[in-house]
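The structure under discussion appears below in the form of structure tokens.
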Amino acid sequence: ARLAVTREQVLAYRRRVTALDERLPMGGASLRQVAWAGLADSVPRAALLCLHARVEDVRPDTWEHESLVQLWGPRFSVYVVAAVDRAVFTLGRTSDLAERRALGQDLADRLEKFLQGRRLPVAEAARGIGVGHPSALRYAAPTGRLVVRWDGARQPLLWMVSQPEMGVTEARLELARRYLHAMGPGTVEGFGAWAGVKSRTAAATLEALRPELTPVDTPVGEAWVLAADEATLRQPAGEPAPVRLLPSGDTFFLLQGADRELLVPEPDRRKQLWPSRVWPGAILIDGDVVGVWRRAQHVLNAHPWTRLSARQRQAVEAEATALPLPGVDRDIVIHWANA
């Protein structure tokens, strides 16, 4: 029998497991919990704002906490993850193609020999081993031996670390569990798109997890959830946070296909949240996406889809002024678009 769930149940579940309803106390355990599925950092400091939406007392340098590390993760994007989870987000994306695996290992070996413990800009490291384009070094990321530091302004620094002890199969299964826990109920297509793996690989991975899964019927189709999370999915929705400003690529809306329809039913609004170019951030009010926002230095442009009350606008403004933005030495100014 498949478990039938409503849109409200799915969204409440995703908010609950990713700590969007109530911020967690600052600490390594909390940071790992909110980074359970990784924090996309492809837009400067997006991962920092993901943390701020979920953890108390986040500062501009919290993304550099000793418990966290940056790497090239799903879809070869820059991610912030818990350092102890490095294997999951690297080895878990190992290609099934022998030539691709061999290329990654060869690049990692050459980098390790050239760097000799140094940290160098990616372009310099690429030149040092005779690679024409720095982006080609990303093919070595699934070895788990590369980490980076990218502040959003300059090219990343790259250095080598020890080979993770986790096996590839174990890492891939755990990567799928992370997806299903944070973004479930999920599908083969959703996992493949999120992780950046081939559809055949995604299907085989979820099939191997079948004993751990519960089948679910959602308003947009059949899906799966971890059996360990079924009780949480069944729970009544808790009290959502009044406002959260989620950055571009936040886990809550890092979705594809029908999952986007579940989060934002209106087609014209989906086009605004997921445009073909750089995504905006999402305005979350009382647990639902009600608009988008973008920022340029100290100016934040808010585009709500409906008319907000004075209380809601004040809450958005308070949240905006609390953003721990590095390099911004002026008060945040909010420009409201007409709803």
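Quick notes on this one:
- When residues of the stretch 174-215 are limited to those that are surrounded by 15 or more Cβ atoms within 10 Å (Cβ to Cβ) and hydroxyl-bearing (Ser, Thr, Tyr), the one nearest to ARG14 (Cα to Cα): TYR179
- Hits in the stretch 48-60 (condition: of a type outside the set (Val, Ile, Thr) and touching a residue at least 60 places away in the same chain (Cβ under 8 Å)): LEU48, LEU49, CYS50, HIS52, ALA53, ARG59, PRO60
- Yes/no for TRP194 being closer than 30 Å to PHE252 by Cβ, in contact with a Phe, Trp or Tyr (Cβ under 6 Å, 6 or more places away or on another chain) and in contact (Cβ under 8 Å) with a residue 60 or more places away in the chain: yes
- Matching option when the condition is in a helix (DSSP H, G or I) and either out of contact with any helix residue (DSSP H, G or I) (no Cβ under 7 Å at 6 or more places or on another chain) or open to solvent by less than 70 Å² (accessible area, probe 1.4 Å) (or both), among GLU66, GLU124: GLU124
- Qualifying positions in the stretch 249-258 - open to solvent by less than 20 Å² (accessible area, probe 1.4 Å), touching a residue at least 40 places away in the same chain (Cβ under 8 Å) and touching a strand residue (DSSP E or B) at 6+ places or on another chain (Cβ under 8 Å): GLY249, ASP250, THR251, PHE252
- If you go through the stretch 290-339 and keep only what is closer than 24 Å to ASP151 by Cβ, open to solvent by 30 Å² or more (accessible area, probe 1.4 Å) and in a loop (DSSP other than H, G, I, E, B), you end up with GLN297, HIS298, ALA322, PRO326, GLY327, VAL328, ASP329, ARG330, ASP331.
- Among the residues of the stretch 240-266, those that are aliphatic (A, V, I, L, M) and either closer than 17 Å to VAL278 by Cα or modelled with pLDDT under 95 (or both) comprise LEU245, LEU246, LEU254, LEU255, ALA258.
- Scanning the stretch 201-218 for residues that are in contact with a strand residue (DSSP E or B) (Cβ under 9 Å, 6 or more places away or on another chain), polar (S, T, N, Q), closer than 23 Å to THR6 by Cβ and outside any strand (DSSP E or B) turns up nothing.
- Restricting attention to the stretch 15-34 and to residues that are open to solvent by less than 60 Å² (accessible area, probe 1.4 Å) and of a type in the set (Lys, Arg), the residue that is nearest to PRO324 (Cα to Cα) turns out to be ARG23.
- ALA231 vs. criteria in a strand (DSSP E or B), among the aliphatic types (A, V, I, L, M) and at pLDDT 95 or above: no
- The set of residues in the stretch 276-298 being in contact with a strand residue (DSSP E or B) (Cβ under 9 Å, 6 or more places away or on another chain) and over 19 Å from VAL316 (Cα atoms) consists of VAL278, TRP279.
- Scan of the stretch 275-289 for residues that are β-branched (Val, Ile, Thr) and not in a loop (DSSP other than H, G, I, E, B), ordered by number: ILE283, ILE285, VAL289
- Residue in the stretch 150-166 that is open to solvent by 20 Å² or more (accessible area, probe 1.4 Å), among the hydroxyl-bearing types (Ser, Thr, Tyr) and touching a Gly at 6+ places or on another chain (Cβ under 9 Å) present: yes
- Of the residues in the stretch 27-44, at least one is under 24 Å from ARG295 (Cα atoms), over 12 Å from the mean Cα position of the chain (by Cα), assigned to a loop (DSSP other than H, G, I, E, B) and modelled with pLDDT under 95.
- Residue in the stretch 274-285 that is more than 19 Å from the chain's Cα centre (by Cα) and either modelled with pLDDT under 95 or open to solvent by 50 Å² or more (accessible area, probe 1.4 Å) (or both) present: no
Results for (1) crowded, with 16+ Cβ neighbours inside 10 Å; (2) under 27 Å from LYS198 (Cα atoms); (3) of a type in the set (Gly, Ala, Ser), shown as yes or no for each residue.
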site	(1), (2), (3)
LEU3	yes, no, no
THR6	no, no, no
TRP36	yes, yes, no
ASP61	no, no, no
VAL78	yes, yes, no
ALA82	yes, yes, yes
ALA87	yes, yes, yes
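The values are calculated or read from the model by the stated rules, or taken from the named source; none is laboratory data. Source: prediction; values computed, not measured. Quick reminder, even Gly has a Cβ in these numbers, built from the backbone with ideal geometry, and neighbours come from all protein chains shown. Quick note on the areas: whole protein, heavy atoms, side chains included, nothing else; ligands and nucleic acids left out. Shrake-Rupley method; radii C 1.70, N 1.55, O 1.52, S 1.80 Å.
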